[in-house]
Each structure stands twice: as C-alpha cells, then as structure tokens.
1. Kindly indicate whether Lys74 is modelled with pLDDT under 90 and surrounded by 18 or more Cβ atoms within 10 Å (Cβ to Cβ).
2. Would you check if Ala237 is at pLDDT 95 or above, of a type outside the set (Phe, Trp, Tyr), surrounded by fewer than 19 Cβ atoms within 10 Å (Cβ to Cβ) and under 27 Å from Lys157 (Cα atoms)?
3. Which number in (1) surrounded by 18 or more Cβ atoms within 10 Å (Cβ to Cβ); (2) touching a residue at least 40 places away in the same chain (Cβ under 8 Å) marks the one condition that Ile212 misses?
4. Just one of Leu115, Leu110, Leu134 is at pLDDT 90 or above and either open to solvent by less than 20 Å² (accessible area, probe 1.4 Å) or in contact with a helix residue (DSSP H, G or I) (Cβ under 8 Å, 6 or more places away or on another chain) (or both); which is it?
5. Looking at Gln228, Gln254, which one is surrounded by 14 or more Cβ atoms within 10 Å (Cβ to Cβ) and at pLDDT 95 or above?
6. Quick one: in segment 50-62, of everything that is of a type in the set (A, V, I, L, M, F, W, C) and within 20 Å of Phe4 (Cβ to Cβ), which residue is least open to solvent (accessible area, probe 1.4 Å)?
7. Out of the residues in segment 1-49 meeting the condition of being touching a Phe, Trp or Tyr at 6+ places or on another chain (Cβ under 9 Å) and hydroxyl-bearing (Ser, Thr, Tyr), tell me which one is least open to solvent (accessible area, probe 1.4 Å).
8. Among the residues in segment 209-220, are any of a type outside the set (S, T, N, Q) and in a helix (DSSP H, G or I)?
Amino acid sequence: MEHFSALPIFVTVVECGSFSLASQKLGLSKSAVSKRITLLEQSLGIQLLHRTTRSLSLTEAGARYFDYVRPAVKLAADGLDAISELQQAPQGSLRIAVPMVFGRLHIAPLIPEFLRRYPKIQLQMQMDDKTTDLITGGFDLAIRIGELPDSSLIARKIAPCLSVICASPEYLARHSAPQTPQQLSQHNCLFYSYFRDGVEWTFLSPQGPTRIQPNGNYQVNNSDAIHQATLDGVGIANLPRFMIEADLQTGRLQALLADHPLPEHGIYAVYPQRKHLPTKVSVLIEFLMELLVKRLGND
C-alpha cells in the first residue's frame, strides 16, 4: 500500500519537473516529497530519477515506469471524480489545452465566470498551437479548430469558424487586389505553419472548389504574428474572423475574393473516449457552447 500511495507523488514530480513545484501542488513539504520518492525507489529496487542541485530527469527505467503509472493514476482520479459527482457539485482538477490565440481572445476571458459558477474546480489551461496528445499529456479536454483527423477521441462541435482572405489598405495601395484565387500567384502570401491542411488554400464557388498553392516570403507558427504582418502591409493572409472582425469593421483590413469564400470549419471540444464523462468536463463543454456562440456572434 505504501508503494501505491507514492505513485501520484511520483507522477506529480515528473509533471512539475521539480520537487519544489510538486510539493507546492501536493501541499507537502519538499523533504516529504523527496522521501516518498526515495522510499518508492527502494521498494522497486531501481533508480527512477536523476537528481542534481539544478535539474531533475527520468532514468531509462523511470521513463518506462512513468509511461505505465501516469495513465493508472489518471484513471484512479477519474474514478474518484465519478463517484464524488454523485453527491457533490462538479469538482477536482480539470486540465485543458487550447490554441494560443483563440485561447487568449475567447477562452481566457470566459474562465473567471466559469470558476464563479464552479468554484470547486481547479482549472489548468495550457495554450499552445501544436496539436497536443490528450492521453500522454494527461488532458481532460482540448479545443481544436478546423478539420479533425481520424482518431479514437470524441469531438463535439461548439461553434462555427469562418476565415477570410484579407490584406491591409497599405498593401492594396501598392498592389491591385486579386479578383480570382489564381491571381494570388502574383501576390506575397503569408503562411501559418500549423495549418492542418498545409499551405494549400481552398476556395468555394458554384463551379466547385478551387485549390491554390500560394507563395510568399513569410511563414510563422503564431497567428498573432501573421495578423500583425498583415496589418503592417507585408502581404495577403488567410485569417479567422474571430481574430480580425474588429479590423474588418474599422477598415484596418479588407476582405478579398468575396465571390470565392473559404470553407467553413468548426471549433470543437475534443476529449478522450471513456465510459463515464466526468461532470467537470461536461459542464465546461456546456458552458462554452452557451457563451462562445454569443461571443463569436458579437465579434
């Protein structure tokens, strides 16, 4: 029993990357955390962690052990959540991953209201434009935008996502606005590195879809940077309306190729398949479906 009770401590130490941070998260002293890890190693008869005064890392055996232990600890926590929710309000740790810019603009402003409604939930939010592995990352839910790859994950659409081809008046004063998707070959186009469909842009028309491989001298993995470069007149970009609606309204950016709209995508809540969806996850999904549609509709 002593061995198993140390497993959540081991997982927390590895996730936090230090004894100090783990002790703060667990509400234990640093020495108590270190002692429990030492006792765990002694009971296993193998070293799990390399320790120096400045760093902490897994041994080869520790990494292999962590891969097995982390899902077990998460499953045990989910079991506690499932039975506690029969008698109590939604509670416990809720770990979510959201895209950087969308999270900053539209998820983070809603979090205070969510926590007021559900004060017993401890929310951990990671903002990153990379597609995070929910299982290995220990996430309960992720927000993803665009076409979703086939996977064992469950996806629920919470709002539509519309994008436009746009440029600044400064850029258009120096270059004639394209009238067809094919004319984009004559323009400097800006690229978002993590766009799931690659750099190919698809346009819709009554005659069917048109696919263009635009060319340009700037590619970056952050859509804020693309947005700023577009405002500064560097080139033409493919940007979501949730980011630039105010710029379109004020004229800082102009939408192009109105007769050739881009396909509508979705904003999805994605979560691992499980027998019982924790109430803390379902209330977050319902909360976002309630408020995101209103928020995006008012952009």
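The values are calculated or read from the model by the stated rules, or taken from the named source; none is laboratory data. Since the model is a prediction, treat every value here as computed from it, not as a measurement. Don't worry about glycine lacking a Cβ; one is built from the backbone with ideal geometry, like all the others, and counts go over all protein chains shown. These area figures cover heavy atoms from the full protein model, side chains too; ligands, DNA and RNA do not enter into them. Shrake-Rupley method; radii C 1.70, N 1.55, O 1.52, S 1.80 Å.
1. When the stated conditions are applied, Lys74 passes them.
2. The answer is no for Ala237.
3. With respect to (1) surrounded by 18 or more Cβ atoms within 10 Å (Cβ to Cβ); (2) touching a residue at least 40 places away in the same chain (Cβ under 8 Å), Ile212 is out only on (2).
4. Values: Leu115 fails: either open to solvent by less than 20 Å² (accessible area, probe 1.4 Å) or in contact with a helix residue (DSSP H, G or I) (Cβ under 8 Å, 6 or more places away or on another chain) (or both); Leu134 fails: at pLDDT 90 or above.
Among Leu115, Leu110, Leu134, only Leu110 is at pLDDT 90 or above and either open to solvent by less than 20 Å² (accessible area, probe 1.4 Å) or in contact with a helix residue (DSSP H, G or I) (Cβ under 8 Å, 6 or more places away or on another chain) (or both).
5. Values: Gln228 fails: surrounded by 14 or more Cβ atoms within 10 Å (Cβ to Cβ).
Just one listed residue meets the conditions, Gln254.
6. For segment 50-62, the residue satisfying everything is Ala61.
7. So, considering only residues that are touching a Phe, Trp or Tyr at 6+ places or on another chain (Cβ under 9 Å) and hydroxyl-bearing (Ser, Thr, Tyr), the one least open to solvent (accessible area, probe 1.4 Å) is Ser34.
8. No, that holds for no residue.
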